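The next block holds one structure in the form of structure tokens; read it before the comments.
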Amino acid sequence: MKFLENKKILIIITGGIAAYKTLDLIRKLSKLNCEIKTILTKSGKEFVTPLSITSLSKNKVYTDLFSVENESEMDHISLSRWSDLILVAPASSNFLTKISNGFSDDLASTVIKASDKKVFLCPAMNVRMWEHASNKQNINTLKSYGYRILGPEIGEMACGEFGEGKMLEVDEIINQLEIYFKQISKNKKLKAIVTAGPTQELIDPVRFITNRSSGKQGYEIANSLVENGFDTTLISGPTNLKPNDNLKLIKVKTGEEMHKKTMELLPCDLAIFTAAVSDFKIKKFNKEKIKKNKDQSFDLDLNPDILELVSKSNKKPKIVVGFAAESENLFDNARSKLEKKGCDLIVANDVSNNEIGFESDFNEVHLFYKDKNIDDEKIPKNFKSVIADELIKKITNKFNFFND
Ligand code: PMT
């Protein structure tokens with residue numbers, strides 16, 4: 001656990017029976033030479049005491065937002081600036097609701113809102129609460145803020161019910177923190193490119209040919225890459241989306257511009273092509289608006305196939321991933337696209353179903369690797385942010401991005 005050594009971790013304990021496990025977490029992290037400071041919420045105090053925490057962390061426990069004593073030595077701003085990472089364990093359903101709605105009415109929620117550090121949340125609650133639509137919505141919102149969700153696990157709960165909602169085991173939390181610190185120490189050097197959104201091919205000054213795409217899936221993938229420490233550039237066609245602050249964004253309109261910008265950014269370590277590039281462009285742009293009563297026919301040319309050109313270029317990134325939006329024969333079409341384009345992986349989504357794919361907040365994807373020994377993998381229907389995280393997890397594991 002060498003990447004955790006000497007790290008400063010601010011642990012927030014909210015109200016939940018799993019708080020007793022957090023004592024063990026503090027003990028183990030201290031043994032790994034982490035410096036631990038803790039914030040205990042009012043409900044957290046019902047489960048563990050400041051005295052038991054202090055005796056393990058060897059540091060003061062912070063509880064009140066407006067404490068003269070706290071403010072003079074360490075206020076909510078300095079507490080978050082002091083830490084390398086903020087970990088909320090357990091994160092109760094109520095606390096998740098609070099921070100996903102931007103409340104800052106106690107020390108814990110104020111520190112998170114004022115934080116410039118990575119926030120990890122370890123939810124713990126009853127299975128019905130975890131599965132409740134409002135909780136799912138909160139989790140998605142929190143992910144969109146860039147917070148990382150660890151767990152929960154499936155198992156028997158303190159209330160006697162069985163299902164998803166148990167706080168992740170302490171050793172697994174420690175493992176995830178170690179992976180995070182390892183990634184950010186190494187991945188700073190890893191460069192990723194993502195293409196997203198549609199392209200617009202002008203016919204005349206007021207009309208264009210385009211493809212369906214909101215850009216959501218590509219933006220989420222780019223966000224997830226940033227989360228994982230990649231130096232990420234997003235090349236985006238016209239969308240209404242606002243990217244994560246840590247992304248480099250290049251806005252383009254046409255397929256040709258997208259191609260040019262992509263080539264300029266090579267070489268890189270990972271390139272993911274989610275853009276719905278128009279296959280066609282107009283052979284001859286009409287400078288004036290075409291009149292309704294005039295000849296309305298125009299000739300088309302093929303746009304450069306960016307994915308294919310990058311995959312076959314002598315500057316090919318270490319790993320190239322393409323997407324395939326298919327309305328029929330998903331498996332056969334995805335496999336033949338993989339062969340033709342020469343990329344390492346094709347991620348196929350079935351766009352015949354309007355609930356996923358184009359414009360929706362949801363997607364479901366199948367992965368087809370060049371390495372034929374690996375069977376197709378499915379990431380089941382979920383928010384595009386979750387699909388993005390799962391995809392990046394699979395890509396970084398399969399292609400050994402984080403191994404020494
Ligand atoms: O943007 P959203 O609303 O979130 O929707 C996401 C999505 C459905 C658009 C996305 O998940 C997706 O499937 N993107 C690929 C869409 C597509 O039309 O693929 P294609 O079959 O035309 O192209 C296959 C691959 O080649 C894609 O990786 C594409 O980016 C790439 N390509 C295609 C043509 C071209 N000229 N250049 C390319 O790079």
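FYI, it's all coordinate maths here, none of it is from the lab. Computed from a prediction, not measured in an experiment: that's the story for all the values here. As a convention, Cβ positions derive from the backbone with ideal geometry for all residues, glycine included, and neighbour counts pool all protein chains shown.
Determine the alpha carbon to alpha carbon distance for each of 117/394; 45/182; 189/242; 191/251; 113/384 and list only those over 29 Å. Pairs exceeding the cut-off: 45/182.
Would you mind telling me which residue in 91, 18, 158 has the biggest mean-square fluctuation in a Gaussian network model of the chain, where springs connect alpha carbons within a distance under 10 angstrom? Top of the fluctuation ranking is 158.
Evaluate E = 1/(1 + (r/R0)^6) for residue 45 and residue 212, where r is the Cβ-Cβ distance and R0 equals 30 Å; express this FRET efficiency to the nearest 0.05. About 0.05, to the nearest 0.05.
Only beta bridges with both residues in segment 85-226 are counted; by DSSP, about 55 percent of them are antiparallel. Its Cα gyration tensor gives segment 172-319 an equivalent ellipsoid, and the semi-axes of that ellipsoid, as √(5λ) in whole Å with the largest first, are 37, 16, 10. Computed over the chain, the percent of Cα pairs more than 32 Å apart is 43.
Compute the angle between helix 133-144 and the longest alpha-carbon principal axis of the chain, please, reported from 0 to 90 degrees and rounded to the nearest 10. That helix lies at roughly 80 degrees to the long axis. In segment 277-404, the alpha-carbon atoms span a convex hull of 174 Å³ per residue.
By DSSP, what percent of the beta bridges with both residues in the chain are antiparallel, rounded to the nearest 5? Don't skip to the answer; put the middle values down first.
Numbers: 21 of 65 bridges.
Percent antiparallel among DSSP bridges in the chain is about 30.
For 82, 130, the sequence from fewest to most other C-beta atoms within 10 Å is 82, 130. Between residue 248 and residue 279, residue separation times 0.36 nm minus the direct Cα-Cα distance comes to 8.6 nm.
Among residues other than residue 30 whose Cβ falls under 13 Å from its Cβ, what is the net charge (Lys/Arg +1, Asp/Glu -1)?
Working: positive: 7, 8, 27, 28, 31, 37, 58; negative: 5, 24, 35.
Around residue 30, the surrounding residues sum to +4.
Between residue 77 and residue 179, what is the FRET efficiency for a Förster distance of 25 Å, r being their Cβ-Cβ separation, to the nearest 0.05? Display every interim value, and only then the final one.
Numbers: r = 28 Å, r/R0 = 1.14.
Given R0 = 25 Å and the Cβ-Cβ separation, E is 0.30.
Rounded to the nearest 10 degrees, the angle from helix 384-398 to the longest Cα principal axis of the chain is 90 degrees. Listed peptides 103-114, 216-227, 308-319 appear in the order 216-227, 103-114, 308-319 once ranked by packing, highest mean of other Cβ atoms within 10 Å at the front. Close amide H contacts of residue 48 (hydrogens built in the peptide plane, cut-off under 5 Å, sequence separation of 5 or more or a different chain): none are found. Distant-in-sequence amide contacts of residue 232, defined by a placed amide H-H separation under 5 Å and a gap of 5 or more residues or a different chain, comprise 192, 248.
Of all DSSP beta bridges located in segment 157-264, what percent are antiparallel, nearest 5?
On the way: 4 of 14 bridges.
Roughly 30 percent of the DSSP beta bridges within segment 157-264 come out antiparallel.
If you fit an axis through the alpha-carbon atoms of helix 216-227 and take the longest principal axis of the Cα set of the chain, what angle between them do you get, 0 to 90°, nearest 10? Taking Cα atoms only, the helix is inclined about 50 degrees.
Take the Cα of residue 144, step 7 Å toward its Cβ, do the same at residue 103, and the gap between the two points is 2.0 nm.
Shape index of segment 8-185: Rg/Rh, with Rg the Cα radius of gyration and Rh the Kirkwood radius from the inverse mean 1/r over Cα pairs, equals 0.94. Each principal axis of segment 91-226 carries a Cα extent, and these read 66, 36, 32 Å when sorted largest first.
Sequence-distant contacts, meaning Cα pairs under 8 Å at least 6 residues apart, place the relative contact order of segment 188-403 at 19 percent.
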